[in-house]
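See below for the structure under consideration.
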Amino acid sequence: MVRPKYKRVILKLSGEALAGERGFGLDEKTLDAIAAQVKEISDLGVEVSIVVGGGNFWRGRSGKGMDRTTADYMGMLATVINALALQDALESINILTRVQTAIEMRQIAEPYIRRKAVRHLEKGRVVIFAAGTGNPYFSTDTTAALRAAEIEAEVILLAKKVDGVYDSDPNVNADAKKFDELTYIDVLNRGLGVMDSTATSLCMDNKIPIVVFGLSQPENIKKVILGEKIGTLVKEV
């Protein structure tokens, strides 16, 4: 059997990815497909944690004229909805799962405690981090970078609707060029929008590689885990 390239990973899922083709809310088929892929890599002995966004329900910029802090907290609550839905999909296929939230809501999830999260991973449980960092003005990209540093994840798997990083929007420009590899500095200087600048800088400071790939293709998460070169790798020089 082929051995996984990574032992402990963070999978970053956007809220929009959970909406499937609907573009809003939750798509059950998409949730089930993601859960099945997570099960595949968990069965290989990979310790899996997930950071999920909330853009399928709410984005901070949705609240036009609203106080930014209030809008951001609403976005954090949206991520909890997605985390619980993903937990349900995983547990329906017998994957032990824990949701940890940066904002305490003990009736439905554990509060985020780093040592406890690491212990769950060591016991083979999938840990879903919700409610961002618990602070306004920080994105779930930054959450993924922060949690990856805290739990010493070897890589961030950044699952998107596009199959990698391009020099322009491939949905608009048919001649857009896809990158196989980039450095953190390339991403920052070119403003490529892989992750926001805070998240990218945090990954650079802690030497955490990022693999950007398309979620729509079956088996892509497993392919990345097994070391296949798909998508775009962001790393040091």
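The values are calculated or read from the model by the stated rules, or taken from the named source; none is laboratory data. Small disclaimer: the values here were computed from a predicted structure and weren't measured. Positions of Cβ are generated from backbone atoms using ideal geometry, with glycine treated the same way; all protein chains shown enter the neighbour counts.
Annotations for the structure displayed:
- Residues being of a type outside the set (D, E, K, R), within 23 Å of residue 58 (Cα to Cα) and touching an Asp or Glu at 6+ places or on another chain (Cβ under 6 Å) - total across segment 99-146: 4
- Which listed residue, of 115, 147, is within 30 Å of residue 69 (Cα to Cα) and touching a Phe, Trp or Tyr at 6+ places or on another chain (Cβ under 6 Å): 147
- Given (1) at pLDDT 95 or above; (2) surrounded by fewer than 18 Cβ atoms within 10 Å (Cβ to Cβ); (3) within 21 Å of residue 112 (Cβ to Cβ); (4) not hydrophobic (A, V, I, L, M, F, W, C), index of the condition residue 47 fails: (2)
- Boolean, residue 172 is under 16 Å from the mean Cα position of the chain (by Cα) and at pLDDT below 95: no
- All positions within segment 115-125 that are within 20 Å of residue 43 (Cβ to Cβ) and either touching a strand residue (DSSP E or B) at 6+ places or on another chain (Cβ under 9 Å) or surrounded by 19 or more Cβ atoms within 10 Å (Cβ to Cβ) (or both): 120, 121, 122, 124, 125
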